[in-house]
Amino acid sequence: MNTKPHLLKINISHLNSHITCSLCYGYFIDATTTTECLHTFCKSCIVKYLQTSKSCPQCGVKIHETQPQLHLRADRTMQDIVYKIVPALFENEEKRREEFYNSRGFSKLKKGVVEKIPEPKLTCIQASDDRHMYKYDEKISICLERYHVHSMPVRGSHSKVPSLQEKFIRCSNRLQVHDVIELLMKRLDIPSEAELTLICHGHELTKEWSLKQVYLMYWSPKGSPMFLFYCFKPG
Ligand SMILES: [Zn+2]
Ligand SMILES: [Zn+2]
């Protein structure tokens with residue numbers, strides 16, 4: 001009788017069709033699945049595709065009438081499978097991100113946005129509240145800048161919002177807009193009767209949205225960090 005342990009050998013090429021993106025033909029990077037038909041793509045590929053289409057590129061099903069980007073979910077399981085199967089992929093991708101971040105991330109955003117960007121000092125949001133403690137979640141880097149209001153009418157005595165000392169924050173992308181506003185109010189010592197609002201790429205943000213949603217909707221092609229501007233809610 002054969003007592004040798006049975007080792008299953010699989011040729012990676014047989015698996016390829018299940019772990020590659022039909023838009024770029026590469027292995028999934030930030031695997032993202034549509035909630036409508038459960039087809040998976042790289043995040044950047046599908047987000048870009050949905051800027052000009054409302055349907056799934058693989059099966060043609062309409063993802064959503066008006067906002068297909070909101071019907072995408074990060075597929076951590078699929079991404080873990082890819083990283084297990086293609087060990088070098090993870091390392092390469094981390095390296096690529098780092099290089100991209102170093103070479104373009106900050107210098108590219110420098111012009112016109114902030115006069116002088118200091119070395120990125122990343123702080124983590126820490127709170128006893130476990131809403132903030134998504135240890136295994138995807139992280140997002142954000143930069144919180146004061147919004148310079150010229151034409152916006154501002155009500156009340158707090159016409160000028162103070163500026164934040166530590167602008168760069170790294171936190172779970174499941175954090176919601178109101179969590180960030182709470183954090184800002186606390187750090188800037190703003191009286192609770194005043195109301196702050198966040199703006200991303202010209203859009204005033206809905207408080208219930210997660211940072212991931214904001215990123216997918218308004219920011220993703222621009223890379224890291226995501227700039228969020230704060231000001232007092234116009235009256
Ligand atoms: Zn792709
Ligand atoms: Zn589909």
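The values are calculated or read from the model by the stated rules, or taken from the named source; none is laboratory data. What you see is a predicted model; the values in this text were computed from it and never measured. Because the Cβ atoms are built from the backbone with ideal geometry, glycine has one as well, and the counts that use them run over all protein chains shown. Surface areas here come from the heavy atoms of the whole protein model, side chains and all, with no ligands, DNA or RNA. Shrake-Rupley method; radii C 1.70, N 1.55, O 1.52, S 1.80 Å.
Fully extending the segment from E138 to H64, taken as 0.36 nm per residue of separation minus the present Cα-Cα distance, adds 24.2 nm.
First measure r as the distance between the Cβ atoms of S53 and K233, then evaluate 1/(1 + (r/R0)^6) with R0 = 25 Å and state the FRET efficiency to the nearest 0.05. Don't jump to the answer; show the numbers that get you there.
Values: r = 35 Å, r/R0 = 1.40.
So, using R0 = 25 Å, E works out to roughly 0.10.
Excluding ligands, DNA and RNA, the accessible surface per residue across the stretch 12-85 is 55 Å² with a 1.4 Å probe. Relative contact order of the stretch 12-85, taken over Cα pairs closer than 8 Å and 6 or more residues apart, is 32 percent. Note on R187 and S210: the model spin-label points, each 7 Å out from Cα along the C-beta direction, lie 2.2 nm apart. Set the Cα radius of gyration of the stretch 179-235 against 2.2 N^0.38 Å, with N its number of residues, and you get 1.16.
Quote the FRET efficiency, to the nearest 0.05, computed for D80 versus C24 with a Förster distance R0 of 22 Å and r equal to the Cβ-Cβ distance. So, using R0 = 22 Å, E works out to roughly 0.65.
How big is the equivalent ellipsoid of the stretch 12-85 along its three axes, where each semi-axis is √(5λ) from the Cα gyration tensor, reported in whole Å from largest to smallest? Write down the numbers at each step before the final one.
Numbers: eigenvalues 94, 27, 20 Å².
Each semi-axis is √(5λ); the values are 22, 12, 10 Å.
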